[in-house]
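J.: Quick one: the structure is below, and I'll ask about it shortly.
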Amino acid sequence: MSAALVTGASRGIGRGIALALARSGFDIVVNYASNAEAAASVAASVREIGTKAAMVRADVARSEDRTRLVEEAYDAFGDIELLVNNAGVAPAVRADILEAGEESFDRLIAINLKGPYFLTQLVANRMIAAGTRGRIVTISSMSAYTASVNRGDYCITKAGLSMLTKLYAARLAEHGITVFEVRPGIIATDMTDGVKEKYDRLIHDDGITPIRRWGTPDDVGRAVVAIATDLLPFSTAQVIDVDGGFHLHTL
Ligand code: NAP
C-alpha cells in the first residue's frame, strides 16, 4: 500500500485530493492547520473508502511543525510515496498593490511558498535516503501567471511555486523522483465562497472559462491521481492546468 501526505487536507481541494487518492488505494496523512473537526471527517471518509488515515495538525509556515509533520507521517506509514503541497491561503483582505501592506505579504509568503519549499526539501531527503521513487505535486493556481492587481501577494507566491516545481524536478530526476505543478482555475471551496457571485457571472455570463462551470475539488483530485498512479512516467516539471480551459487565448 502506498501512502500520500496531503497538506491542507481538511477542506476544499486538499480534501478532494485526499479522497480521490484514497479511492485509488492510497493511505493518507491528513494535514490541517486548526480545523480538527473537518480533518477528522476527512480521515473518517478515507477509512470508509477502505484505506488508512493519520491526522497531523501542523502549520506549514513553521519549521518545527514541518519537521514534526514529516516525522509523524513516516511513523504512521513507514514510507511516503507522494507529497502533495496543497495548503494555502488567500489574503485576508484583497488590496490594490499600490496600497497593500507587508503583513499580508509576509503571511502569504510563509504559508504558500516557504512552507512548501522547505517541506519538499524534508520529504525529498527522506525519499532519497529510503530509495523511494516518489512523486511530488504542488498545487499552484492560475494566479501563477494571471495578474490580479488586488492580490499581488497571492500571485507572487503562486508564481514562486512554478519555480519550486522546476527546481526540484531538475534536482530530483536522478533519484527517480518526479515533480509536478497542478494549476487549478476557479474551484468551488471556502476560499472562493466570498467571491461566488462575481465568479458566477464571469463563468456563466462572460464565458471566462471555455468549459462553463465551476471546477470541483474532485477535478483537481483526479489530476493528482493520474500523477500518483504513474500515468505520466516520462514527464517531470510538467504543469497540468485544471481550469476548464481558462488559460486558452482565443481570437
Ligand atoms: P480552503 O478551502 O480555504 O482550504 C485550505 C486548507 O489549507 C484547509 O485544509 C486549511 O486547514 C489548510 N491550511 C491553511 N493554512 C495552513 C497552514 N498554515 N498549514 C497547514 N494547512 C493550512 O482552500 P482551497 O480553495 O481548497 O485551496 C487549496 C489550495 O488550492 C491553496 O493552495 C489555494 O491557493 C489553491 N487554489 C485554490 C483555488 C480555488 O479556486 N479554490 C484556485 C487555485 C488554487 P484548516 O481546515 O485547519 O484551516
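Since every read-out is calculated from the coordinates, none of them should be taken as a lab result. None of these values were measured; they are calculated from a predicted model. Neighbour counts run over all protein chains shown; Cβ positions are idealised from the backbone, glycine included.
J.: Under 8 Å for C-alpha pairs, at least 6 residues apart: give me the relative contact order for region 3-242, rounded to a whole percent. Before the final figure, lay out the partial values.
T.: On the way: 456 pairs, mean separation 51.2, N = 240.
Rounded, it is 21 percent for region 3-242.
J.: Over region 92-189, what is the relative contact order in percent, taking alpha-carbon pairs closer than 8 angstrom and at least six residues apart?
T.: Details: 110 pairs, mean separation 34.1, N = 98.
It rounds to 35 percent for region 92-189.
J.: Modelling each spin label as a point 7 Å along the Cα-to-Cβ direction, I'd like the V93/M163 distance in nm, to one decimal.
T.: 2.9 nm
J.: Select from F77, F180, F26 the residue whose mean-square fluctuation is largest in a Gaussian network model of the chain (Cα-Cα springs shorter than 10 Å).
T.: Greatest mean-square fluctuation among the candidates belongs to F77.
J.: Give, to the nearest whole percent, the P(r) tail of the chain beyond 31 angstrom, counting all Cα pairs. Write out the running numbers ahead of the final one.
T.: Working: 5976 of 31375 pairs.
The answer is 19 percent, as a whole percent.
J.: Quick one: dipole size for the chain, taken about the Cα centre, charges +1 on Lys/Arg Cβ and -1 on Asp/Glu Cβ, in debye to the nearest 20.
T.: Details: 26 positive and 30 negative charges, 77 e Å.
Magnitude of the dipole: close to 360 debye.
J.: Can you tell me the 0 to 90 degree angle between the C-alpha axis of helix 63-77 and the longest principal axis of the chain, rounded to 10?
T.: 50 degrees
J.: Any idea what angle helix 115-130 forms with the longest principal axis of the chain, computed on alpha-carbon atoms, 0 to 90 degrees, nearest 10?
T.: Rounded to the nearest ten degrees, it is 30.
J.: Sticking with this structure for a sec: Among the GluC sites (Glu not before Pro) within region 83-156, which fall in a DSSP loop and have no more than 13 other Cβ atoms within 10 Å of their own Cβ? Could you put the intermediate results ahead of the total?
T.: Details: sites: E99, E102, E103; in loops: E99.
Passing sites in region 83-156 are E99.
J.: In square nanometres, what is one fourth of the surface area of the convex hull spanned by the alpha carbons of region 90-184?
T.: 5.9 nm²
J.: Another question, if that's okay. Cut-off 10 angstrom, C-alpha nodes, Gaussian network model of the chain. Which of D241, D96, D79 fluctuates the most?
T.: Greatest mean-square fluctuation among the candidates belongs to D96.
J.: Something else: How long are the three semi-axes of the equivalent ellipsoid of region 127-181, in whole Å, if each is the root of 5 times an eigenvalue of the C-alpha gyration tensor, listed from largest down? Walk me through the intermediate numbers first.
T.: Working: eigenvalues 163, 14, 11 Å².
Listed largest to smallest, the semi-axes of region 127-181 are 29, 8, 7 Å.
J.: Additional query: Which whole-number percent gives the relative contact order of region 141-251, counting Cα pairs below 8 Å spaced six or more residues apart? Walk me through the numbers before you get to the answer.
T.: Details: 127 pairs, mean separation 35.8, N = 111.
Here the relative contact order equals 32 percent.
J.: For helix 152-172, what angle does its Cα long axis make with the longest principal axis of the chain, in degrees from 0 to 90 and rounded to 10?
T.: Between helix and principal axis, roughly 40 degrees.
J.: To continue, here is another question. Name the residue, out of G185, G78, G215, whose mean-square fluctuation peaks in a Gaussian network model built on the chain with Cα pairs under 10 Å.
T.: Among G185, G78, G215, the largest GNM mean-square fluctuation belongs to G78.
J.: Just to verify a number: FRET efficiency for A40 and R107, C-beta to C-beta distance, R0 = 30 Å, to 0.05? Intermediate values should be presented prior to the final figure.
T.: Details: r = 26 Å, r/R0 = 0.87.
Step by step, r from the Cβ atoms, then E = 0.70.
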